[in-house]
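Novice: Structure incoming, see below.
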Amino acid sequence: MDFNLPEEVQILRDTVRKFVDKELIPLEREYRHDSEGPMPDHLLKPLQEKTKAMGLWMLDVPEEYGGAGLGLLPRCVIHEEIARAASLPFRSLELFGPEVRPVLFYCSDEQKERFLKPVLRGEMKFCFAQTEPDAGSDPANMRTRAVRDGDEFVINGTKRFITAAGRADYVQLMAVTDPEKKARGGISCFAVDLKSPGVNLERQWPAMMGEAPWQLYFENVRVPANNVIGQIGGGFSIAQKWIGEGRIRGHGARPVGIASRALDMMIEYSKVRTTFGKPLSERQAIQFMIADSAMEIHSVRNMVYECAWRVDRGEDVRDLSYMVKVMATEMASRVVDRSIQVHGGLGLMKELPLEWWYRQIRSTRITEGANEVLRWRLGQNLIRAHKS
Ligand SMILES: Cc1cc2nc3c(=O)[nH]c(=O)nc-3n(C[C@H](O)[C@H](O)[C@H](O)COP(=O)(O)OP(=O)(O)OC[C@H]3O[C@@H](n4cnc5c(N)ncnc54)[C@H](O)[C@@H]3O)c2cc1C
């Protein structure tokens, strides 16, 4: 057993860390992404040129499509590092190239020409719509219905909280094609042109994190049958696979990066801030907050790396991914909270990135599976697997 990261991943981590320290952390003072929409081009494009020059381009896209084809472990390490900076958008990150929804790799050859390749070239954008007003944690209960009519499907229903729908060309839409089977072969994935008649971008939902996901209403929207991605009825399982990976990278590795920078800031500030004649770093109450944070970060980082390593070996990590997501998001919530506390009033100010992380990290306990739901699923799986 070797607890060190593979040498090539260590080199990658050091390279990304230097890039973050030199390019992204200084940018925080001038720019904090706190709004709907992407990072402005005048900031994003020069950063993209740099990541491209470092070979950090389309990280998860297979090499046959011109991507870096990296496994999950190196990608987790990269995302942990970049999460140390608060200058980048929390969602819809385009630092490493166009956002390519992995579902598009399930396209047929003909669909790859129409969808995947334009997305890879940055000419077309997709958003992802699964959640509905009455089906969030329980997407298998969705009501959006797609009914076959000759060479087309007719779609009716409402999707809520859809990130970046306002700037997407297509939506990767999950809809029920067989109400009897539902999640077990009755939900399909459609590529729907957002300019189709009957697609309504009803409203936005401005959120405490700065972003504003959309509500979409589909009224008799006709979609060609050859826009079904993957098998008819196979949409639910491919979407869940992709969401599962997001739990490990976006909601596992990223909170570790946020917490480690919040801890660095906590330590640095405690050394320079004097109260009652002594630096804060000499107070046991503060030392305990530092020690607790370091212990929690260390244990969760190991969980994230192990889980990603197992994914790269092709293992089933469902339960481990639930543990990672719950532990990482709750750990980072506590560490950022402690860091704010140590900084006193300054910790609440927008000058520092702490309040921004506090708001962002709060959202991660709800998105990609609410923590209660993951605990519940984990408990069920453990009880089912237990042999007396
Ligand atoms: C900023 C943002 C962006 C999003 N982007 C997208 C997107 O692009 N596409 C998309 O499809 N969706 C998106 N979502 C939706 C997101 O996935 C859902 O909000 C999430 O799945 C939770 O669903 P819900 O909000 O309906 O909460 P509900 O399902 O109503 O759950 C409410 C609360 O009830 C509790 N709970 C639920 N079930 C159980 C249970 N079985 N046991 C115990 N407690 C339970 C949990 O505490 C949960 O937080 C986004 C959401 C946000 C906030």
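The values are calculated or read from the model by the stated rules, or taken from the named source; none is laboratory data. Note that this is a predicted model, so its numbers are computed, not measured. Every residue, glycine as well, gets a Cβ built from its backbone with ideal geometry; the counts of neighbours run over all protein chains shown.
Novice: Where the second residue is aliphatic (A, V, I, L, M) and assigned to a loop (DSSP other than H, G, I, E, B) and the first is touching a residue at least 12 places away in the same chain (Cβ under 8 Å) and within 18 Å of PHE161 (Cβ to Cβ) and lies in region 359-388, which pairs have Cβ atoms under 6 Å and are six or more apart or on separate chains?
Specialist: Listed pairs, sorted by first residue: ARG359/MET208; ARG359/MET209; GLN360/MET209; SER363/MET209.
Novice: Hey, another quick one. Go through region 150-160 and count every residue that is within 12 Å of the ligand (Cβ to nearest atom) and small (Gly, Ala, Ser).
Specialist: 0
Novice: For region 107-137, what are the residues that are near the ligand (Cβ under 9 Å from one of its atoms) and free of Cβ contacts under 8 Å to residues at least 24 places away in the same chain?
Specialist: Residues satisfying the conditions are ASP134, ALA135.
Novice: While we're on this one: Test of understanding: among LEU320, LEU374, which residue is part of a helix (DSSP H, G or I), within 16 Å of the ligand (Cβ to nearest atom) and buried (at least 17 other Cβ atoms within 10 Å of the Cβ)?
Specialist: One residue alone meets the criteria, LEU374.
Novice: Let me ask something else about it. What's the number of the condition TRP356 fails, among (1) away from the ligand (no atom under 16 Å from the Cβ); (2) under 28 Å from ARG283 (Cβ atoms)?
Specialist: (1)
Novice: ARG310 - would you say it is crowded, with 16+ Cβ neighbours inside 10 Å and more than 16 Å from the ligand (Cβ to nearest atom)?
Specialist: So ARG310 passes the test.
Novice: What number of residues in region 161-195 are away from the ligand (no atom under 14 Å from the Cβ) and either assigned to a strand (DSSP E or B) or under 21 Å from the mean Cα position of the chain (by Cα) (or both)?
Specialist: Count: 5.
Novice: Which ones in region 55-98 are more than 16 Å from the chain's Cα centre (by Cα) and charged (D, E, K, R)?
Specialist: GLU63, GLU64 - these are the residues of region 55-98 that are more than 16 Å from the chain's Cα centre (by Cα) and charged (D, E, K, R).
Novice: Follow-up. Answer yes or no: is there a residue in region 214-230 that is over 30 Å from GLU296 (Cβ atoms), in contact with a Phe, Trp or Tyr (Cβ under 7 Å, 6 or more places away or on another chain) and surrounded by fewer than 18 Cβ atoms within 10 Å (Cβ to Cβ).
Specialist: Within region 214-230 (the criterion being over 30 Å from GLU296 (Cβ atoms), in contact with a Phe, Trp or Tyr (Cβ under 7 Å, 6 or more places away or on another chain) and surrounded by fewer than 18 Cβ atoms within 10 Å (Cβ to Cβ)), the answer is yes, since at least one residue qualifies.
Novice: Also: Restricting region 234-257 to residues that are small (Gly, Ala, Ser) and surrounded by fewer than 19 Cβ atoms within 10 Å (Cβ to Cβ), which is nearest to ASP319 (Cα to Cα)?
Specialist: GLY244
Novice: GLY369 - would you say it is at positive phi and away from the ligand (no atom under 13 Å from the Cβ)?
Specialist: No: the conditions fail for GLY369.
Novice: With the structure loaded, tell me whether ARG283 is assigned by TED's automatic domain parsing to the domain that holds VAL336 and either buried (at least 22 other Cβ atoms within 10 Å of the Cβ) or of a type in the set (Lys, Arg) (or both) or whether it fails that test.
Specialist: yes
Novice: Looking at region 67-80, is at least one residue modelled with pLDDT under 95, in a helix (DSSP H, G or I) and surrounded by fewer than 17 Cβ atoms within 10 Å (Cβ to Cβ)?
Specialist: Among the residues of region 67-80, not one is modelled with pLDDT under 95, in a helix (DSSP H, G or I) and surrounded by fewer than 17 Cβ atoms within 10 Å (Cβ to Cβ), which makes the answer no.
Novice: I'd like the residue in region 134-148 that is over 24 Å from the mean Cα position of the chain (by Cα) and hydrophobic (A, V, I, L, M, F, W, C) and, out of all such residues, is surrounded by the fewest Cβ atoms within 10 Å (Cβ to Cβ).
Specialist: Among them, the one singled out is VAL147.
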